[in-house]
């Protein structure tokens, strides 16, 4: 089958919006944890509460705003306006002085970010792609989180994150850049030519993807989301503590120099791996990715020195991003035509909400007896233990069993 051409303008818009969106999410998902850890000496419970509150906000926002974008038949306006306000909300963190207000504003920021990115941007990608190019699109899209990590790490590696001034600068830079991308979106984004407003009422549009009859008609999609949720739980057990683990537990002050090459290689790998879905199908591409991720966990659990940690990080990141790519392609391939906005809600439940509730809670639970160190100012902080890798691996083994039961040989659901 000949692959549908999307044009240079689409790829540029996707790259710009996808990358900037992920840069903003990196600041939220990874740097906010470091921010409250360093500035306010947050506990595992504090970090878990922030991640969980953000996950709930993201899910509710995506459910509502994805349906609204279907109802009005537009993506561009939600993407551009959303990015503009998203950027302004990021700047506000420069003036926050407590854990509580960080969590509150994290939810506010997540509302605008999820409207612009989780709901509108992801619906736009689904609108513009088809079964001939879905793997290629997801391969590029799924590498964006790693490229974003590289951009953030590389851009801010010289900053002293123990000072409030450094964080103020970071929030201003990311906030202004996000806002500028939103402004540029009015000139860059093109809605799919066949995108039209849905005829149902807003209430019917909101409820559509949650109807049992719809789930029964789209079993592959919903079973894919179930597996995606288990995958996400594994990731969220360690992800909120990843940078703290590298810097504090392993004592790698130069972890950016170790992590950056792994990110670059994993990003390149993911671009090419995404095409495997187009040729080998879901199971032929997801199982190797999960085994790679499992091997990365094992290496990181048993090692603490630079070279093995680099190898483990590379395997982990390759497995993580290629898994995201394959799950993303499966889900987009099975979303009913003309309803991509409505289905971003159930997608975010599987991708963000369930993992964001369960994963951090498991991480906080297993770290409740973590080693505590005394800081130079007399305050105390916890040290994440390598048990985060064994717990994440245990969930991944469960995922492989669930995959065998739901997508194993001979199983056809739709």
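The values are calculated or read from the model by the stated rules, or taken from the named source; none is laboratory data. Nothing here was measured: the structure is a model prediction, and the numbers come from that model. Note: ideal-geometry Cβ built from the backbone for every residue, glycine included; neighbour counts use all protein chains shown.
Points to keep in mind about this one:
- Verdict on residue 43 being crowded, with 24+ Cβ neighbours inside 10 Å and in contact with a helix residue (DSSP H, G or I) (Cβ under 9 Å, 6 or more places away or on another chain): no
- Any pair with Cβ under 9 angstrom, 6 or more apart, that starts in the stretch 276-288 at a residue that is farther than 20 Å from residue 405 by Cβ and ends at one that is not in a helix (DSSP H, G or I): 278/3; 278/131; 278/132; 278/133
A quick yes/no check of all residues on (1) within 17 Å of residue 145 (Cα to Cα); (2) buried (at least 21 other Cβ atoms within 10 Å of the Cβ); (3) at pLDDT 90 or above:
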| site | (1), (2), (3) |
| --- | --- |
| 7 | no, no, no |
| 13 | yes, yes, no |
| 18 | yes, yes, no |
| 23 | yes, yes, no |
| 32 | yes, yes, no |
| 39 | no, no, no |
| 47 | no, yes, no |
| 54 | no, yes, no |
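Residue-by-condition table, conditions (1) at pLDDT below 90; (2) exposed (fewer than 14 other Cβ atoms within 10 Å of the Cβ); (3) farther than 22 Å from residue 341 by Cα:
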position: 180; (1), (2), (3): no, no, yes
position: 186; (1), (2), (3): no, yes, no
position: 192; (1), (2), (3): yes, no, no
position: 200; (1), (2), (3): yes, no, no
position: 208; (1), (2), (3): yes, no, no
position: 223; (1), (2), (3): no, no, no
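- Of everything listed in (1) in contact with a strand residue (DSSP E or B) (Cβ under 7 Å, 6 or more places away or on another chain); (2) without any contact (Cβ under 8 Å) to a residue 40 or more places away in the chain, the single unmet condition for residue 383 is (2).
- Any chance residue 87 is modelled with pLDDT of 90 or more and surrounded by 20 or more Cβ atoms within 10 Å (Cβ to Cβ): yes
- Close pairs from the stretch 201-225: first within 27 Å of residue 286 (Cβ to Cβ), partner exposed (fewer than 12 other Cβ atoms within 10 Å of the Cβ), Cβ under 6 Å, at least 6 apart: 219/414; 220/414
- Scanning the stretch 56-72 for residues that are closer than 18 Å to residue 108 by Cβ and surrounded by 21 or more Cβ atoms within 10 Å (Cβ to Cβ) returns 57, 58, 59, 61, 62, 63, 65.
- Selection status of residue 103, over 30 Å from residue 278 (Cβ atoms), assigned to a helix (DSSP H, G or I) and touching a helix residue (DSSP H, G or I) at 6+ places or on another chain (Cβ under 8 Å): yes
- Counting only helices (runs of 4 or more DSSP H) that sit completely within the stretch 290-388, those holding 2 or more residues that are crowded, with 19+ Cβ neighbours inside 10 Å and modelled with pLDDT of 95 or more correspond to 306-333.
- Close pairs (8 angstrom Cβ cut-off, 6 or more residues apart or separate chains): more than 14 Å from residue 164 (Cβ to Cβ) in the stretch 24-36, at pLDDT 85 or above and outside any helix (DSSP H, G or I) anywhere: 33/42
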